[in-house]
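Notes follow once the structure below has been shown.
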Amino acid sequence: MKPFEKLFTVLMTVYPLSDVLKKFLSQRVKLQNFKQGDILLVPGEIANHIYFITKGLLRAYYTDDEGDEQTFWLMMENDMMASAFSFFTRRPGELTIEVIEDCELISIDYDTLQEVYKEFIEFNVVGRVLTEKYYTLSDERAMILRMKKIEDRYWYMLDNHPEILSRVMQKYMASYLGTTAETLSRVRKKKRK
């Protein structure tokens, strides 16, 4: 499936897209390829793009007061990635967005997104539903981190997001789950009760 077809397929599960809207998006969004290790956003910058992942894996993280990277998001194919705070407030953010597997991304910039919302009223439904999806994922992440036992956090991820666990380096998954790589290694070796 071609990259734009993947994007349209995902968007049309939310709401039908007119041919005029698809043509507009095809002409205005950008298809980009990035290599593992590439950085798409650094702290202090204003996020100007939302990325749709057609292939690969992205990580968003912040650096804590001790200088340790804390994974905030892990996103893969058919997901969207952005620093929502920075993108929507138009203020500098604290997140770094890093490519952790070679990626093929479709990006839309802030001004184009606003133009799409204005010119294609149906796209407001798509935007609302996607916002609900990612707000729900944010809520899920907060719930995972409130689980007292790291074992419960790990088993939750294994049950609900197994592909992420199999593709992400252990140190990134450990920071996403709020623990150390060593502790996560011990948890992975334990049998489920």
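A few points about this structure:
- Residues that are among the β-branched types (V, I, T) and part of a strand (DSSP E or B) were ranked within the range 83-128; the one that is surrounded by the most Cβ atoms within 10 Å (Cβ to Cβ) is I97.
- Failed item, numbered, when L137 is tested on (1) outside any helix (DSSP H, G or I); (2) at pLDDT below 95; (3) out of contact with any Leu (no Cβ under 7 Å at 6 or more places or on another chain): (1)
- Within the span defined as the range 60-69, one or more residues are loosely packed, with under 14 Cβ neighbours inside 10 Å and in contact with a strand residue (DSSP E or B) (Cβ under 8 Å, 6 or more places away or on another chain).
- Among the residues of the range 71-86, at least one is more than 12 Å from the chain's Cα centre (by Cα), of a type outside the set (G, A, S) and within 26 Å of V126 (Cα to Cα).
Residues are listed down the side, and each one gets a yes or a no for (1) exposed (fewer than 13 other Cβ atoms within 10 Å of the Cβ); (2) at pLDDT below 90; (3) part of a helix (DSSP H, G or I); (4) not polar (S, T, N, Q):
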| site | (1), (2), (3), (4) |
| --- | --- |
| L145 | yes, yes, yes, yes |
| E163 | yes, no, yes, yes |
| S166 | yes, no, yes, no |
| K171 | no, no, yes, yes |
| S175 | no, no, yes, no |
| V187 | no, no, yes, yes |
| R192 | yes, yes, no, yes |
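- Residues being surrounded by 12 or more Cβ atoms within 10 Å (Cβ to Cβ), in a strand (DSSP E or B) and among the aliphatic types (A, V, I, L, M) - total across the range 8-56: 5
The values are calculated or read from the model by the stated rules, or taken from the named source; none is laboratory data. These figures come from a predicted structure and were not determined experimentally. Using ideal geometry, Cβ is built from the backbone for each residue, glycine included, and neighbour counts are taken over all protein chains shown.
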